[in-house]
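All of the numbers you see were taken from the coordinates with simple rules; none came from a lab. As the structure is a prediction and not an experimental result, all values here were calculated from the model. Every residue, glycine among them, receives a Cβ derived from its backbone with ideal geometry; neighbour counts consider all protein chains shown.
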Amino acid sequence: MLRALTVAALALLPVLTRAAEPVLDVDLGVGVQHYERAALLKRAEVRTVNVADDVAYHKSMRYRALPLSALLGKGKLGGEVQFTATDGFVANIPSALIEGAGEPWLAIEPGDKPWPALKAGSPSAGPFYLVWLAPQKGGVSQEQWPYQIAKIASSQPLVTRYPQIAPKNVAAGGAEERGLKVYSANCASCHPINGAGDAAVGPDLNLPANPTEYFQEASLRKLIRDPASVRNWKGRIMPGFSEAALGNADLDDLLAYLRQMAKQR
């Protein structure tokens, strides 16, 4: 009996090992493909890349990584590519940006050489992390570096899927419409608005109230630039947006968009 149980337990070991291996799901509209980490690391296109100013670690980092185009192909994507993280963070990145000059790579955390923790007591950015080798050339924002990725999928643009986030009865190309683009690139990865969006890491920016209604403008600008300077607690995860990450003109447009959305509940 003991021998039989031992044999059965040994037979299960490969299954358990496979179950523990991180898996990346990729859906380009023709069915979900499942990629185990070990298999991705064995691909011929994998290289060691150096990221000079890593957004997650705030320093230079070196990764084993796969060109994102080797995984997703070119000219096969929808309007956006959606990156869903294990914590509920969702980055919707325009396909034009993915296929542009920013040089996106999928960094893959080796099982035997884990990356550093993002902060004390927290996990690393792995097992899958989107990094950019030329973010300035591509106009990549800091929220377009999703880590702890669980799924990548082609998608229609956020505003197409959630028309209630669009400003209405405003000047074409005006501050409110520009602000929607700023929100989509920098805020929608955590915050829904009007109950619409893919992520729910942070609170809704219009329901039940809009931050332009309960913050004085100077304080709201300060919150966006440096959240801890306005309110801070142990579980805070909202990053600050420096002028380098979010220019003053973009911040002006974002506030114009938020003020408009306060009228569109």
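Angle, helix 2-20 long axis vs. longest principal axis of the chain, Cα atoms, 0 to 90°, nearest 10? With both axes taken from Cα atoms, the answer is about 30 degrees.
For Thr160 and Lys59, FRET efficiency with R0 = 30 Å and r from the beta-carbon atoms, rounded to 0.05?
Working: r = 37 Å, r/R0 = 1.25.
Efficiency at R0 = 30 Å is approximately 0.20.
Using 0.36 nm per residue of separation minus the Cα-Cα distance, give me the extension gain between Arg47 and Ser122 in nm, one decimal. Don't skip to the answer; put the middle values down first.
Values: separation 75, 0.36 × 75 = 27.00 nm, distance 2.70 nm.
That works out to 24.3 nm of additional length.
From the alpha carbon gyration tensor of the range 148-189, can you work out the equivalent ellipsoid semi-axes (sqrt of 5 times each eigenvalue) and give them in Å, largest to smallest? Intermediate results must be reported in sequence, preceding the final value.
Working: eigenvalues 115, 28, 11 Å².
Over the Cα atoms of the range 148-189, the ellipsoid semi-axes are 24, 12, 7 Å.
When Rg and Dmax of the Cα atoms in Å is computed from the coordinates, the matching label among (1) 16.7, 47; (2) 19.0, 57; (3) 20.7, 79 is (3). Length gained on full extension, Phe215 to Ala249: 10.3 nm, using 0.36 nm per residue less the C-alpha separation. Within the same chain, aspartates and glutamates fewer than 8 places from Lys181 are excluded, and of the rest, those with a Cα less than 12 Å from its Cα are Asp250, Asp253.
Given R0 = 45 Å, the distance between the Cβ atoms of Gln136 and Glu36 translates into a calculated FRET efficiency of 0.85.
Quick one: putting +1 on the C-beta of Lys and Arg, -1 on the C-beta of Asp and Glu, what dipole do you get for the chain around its Cα centre, in Debye to the nearest 20?
For this selection, approximately 480 debye.
Label 7 Å along Cα→Cβ of Ser242; the range 40-79 residues with amide nitrogen under 16 Å? Hits in the range 40-79 for Ser242 at 16 Å: 52-61. Summary of packing: across the peptides 185-194, 92-101, 114-123, the per-residue average of other C-beta atoms within 10 Å ranks them, highest first, as 185-194, 92-101, 114-123. Comparing Asp87, Asp198, Asp112 in a Gaussian network model of the chain, where Cα atoms under 10 Å apart are tied by springs, the biggest mean-square fluctuation is seen for Asp112. Counting Lys +1, Arg +1, Asp -1, Glu -1, what net charge surrounds Ile108 among other residues with beta carbon under 14 Å of its beta carbon? Overall, the nearby charge balance is +2.
By the rule of a C-alpha distance below 16 Å, with chain neighbours fewer than 8 residues away ignored, the aspartates and glutamates paired with Lys234 are Asp226.
With the cut-off at 27 Å, tell me which of the pairs Lys76/Lys168; Lys42/Lys151; Lys137/Lys263 have Cα atoms farther apart than that. Let's see the in-between values first.
Details: Lys76/Lys168 32 Å; Lys42/Lys151 20 Å; Lys137/Lys263 36 Å.
Result: Lys76/Lys168; Lys137/Lys263 exceed 27 Å.
Shown in residue order for the range 197-202 are the 3J(HN,Hα) couplings computed by the Karplus curve 6.51 cos²θ - 1.76 cosθ + 1.60 at θ = phi - 60°: x, 9, 10, 9, 6, x Hz (x for Gly and Pro).
Ranked by the mean number of other Cβ atoms within 10 Å of their residues, highest first, the peptides 247-253, 139-145, 170-176 come out as 139-145, 247-253, 170-176. When the alpha carbon gyration tensor of the range 159-261 is reduced to an equivalent ellipsoid, its three semi-axes come out at 21, 16, 13 angstrom, largest first. Distance between the 7 Å Cα→Cβ label points at Val26 and Val230: 3.9 nm.
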